[in-house]
Amino acid sequence: MKLLVDKVMQEGIVLSDHVLKVDSFLNHQMDPVLMREVGKEFTRLFAQEKITKVLTIESSGIAPGIMTALELNVPLIFARKHKSLTLKDNIFVEKVYSFTKRETNEITVSKKFLAENDRVLIIDDFLANGEAAFGLARIVEQAGAHVVGIGIVIEKAFQPGGRLLAEAGYHVESLVRIASLENGTVTLA
Ligand code: G4P
């Protein structure tokens, strides 16, 4: 995806050897034209999968998730990281540890929205250690549903998430893979 690669290279700000700031198009201000193209690309990559639901996690997964769901003409569910006033019972819960933020979140999805016959595409903005993606996959599996694949906008390929998910048998597609952020520079894989 040239449009996305150009954005990462032109607007990504390397904060450290491990963190890339992309708040001009993905994590704060969001670029809808780019997100529409991201949705089309995930739809193309998972075209054979008869997807019934897209699942992501709030907040930055929602933009690529909703554009993918729109293109696939299926609902988007976003897992919540914060307790909801109206969502207390009948929920799937998983613990997700963030190495980046050094905190554990309980992520939740209402049991109403996932069923055994669902074929679920998981979408997220970043892949680092894979904790969020594994947590979402565990929720799908709690429901007895099937994870057809995992679509990632930006994978930091120098962190182990992509490899661990592939080793666990998941079909992972990342639109941009970053090999290194060393010396203040983005190097693509
Ligand atoms: P993991 O799920 O792959 O293990 O990743 P990790 O716990 O390290 O990520 C925690 C949060 O930090 C996630 O967002 C993730 O998207 C984000 N993140 C990880 N690496 C980077 C990076 O290099 N740059 C940016 N910009 N974000 C990164 P979150 O806390 O869920 O935030 P949000 O979705 O509410 O924006």
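Just a few scattered comments:
- Here, the chain is characterised by an Rg to Rh ratio of 0.95, where Rg is the alpha-carbon radius of gyration and Rh the Kirkwood radius.
- Distance between the modelled labels on His146 and Lys40, one decimal in nanometres: 2.9 nm (7 Å Cα→Cβ projection).
- Net charge over other residues, Cβ less than 11 angstrom from the Cβ of Ile13 (K, R count +1; D, E count -1): -1
- Ordering of 38-48, 13-23 by packing [mean C-beta count within 10 Å, highest first]: 38-48, 13-23
- For the pair His82 and Ala115 in one chain, pulling the backbone fully straight at 0.36 nm per residue adds 9.6 nm over the alpha carbon distance.
- Those residues of region 48-67 whose amide nitrogen sits under 19 Å from the label point placed on Glu11, 7 Å along Cα→Cβ: 59-67
- Neighbours of Phe158 by Cβ distance under 10 Å: Lys/Arg scored +1, Asp/Glu scored -1, total -1.
- Sites His18 and Asn90 - FRET efficiency at Förster radius 45 Å, r taken between beta-carbons, to 0.05: 0.75
- Value of relative contact order over region 2-188, rounded to a whole percent, pairs C-alpha under 8 Å and six or more apart: 20 percent
- Residue ranges 124-132, 157-165 sort as 124-132, 157-165 when ordered by packing (mean number of other C-beta atoms within 10 Å per residue, highest first).
- In region 1-110, the inverse of the mean reciprocal separation of distinct Cα atoms equals 15.7 Å; this is its Kirkwood hydrodynamic radius.
- Beta bridges by DSSP in region 6-125, antiparallel share as percent, to the nearest 5: 60 percent
- Computed [θ] at 222 nm, deg cm²/dmol, the chain (DSSP H ≥ 4; -39,500 (n - 2.57); rounded to nearest 500): -8500 deg cm²/dmol
- Alpha-carbon centroid distance for the pair region 16-56 / region 81-133, whole angstrom: 17 Å
- Highest-first arrangement of 30-36, 138-144, where packing means the average Cβ count within 10 Å: 138-144, 30-36
Every number here is computed from the coordinates shown, using simple stated rules; none is lab data. Everything numeric in this text was worked out from a predicted model, so none of it was measured. Every residue, glycine as well, gets a Cβ built from its backbone with ideal geometry; the counts of neighbours run over all protein chains shown.
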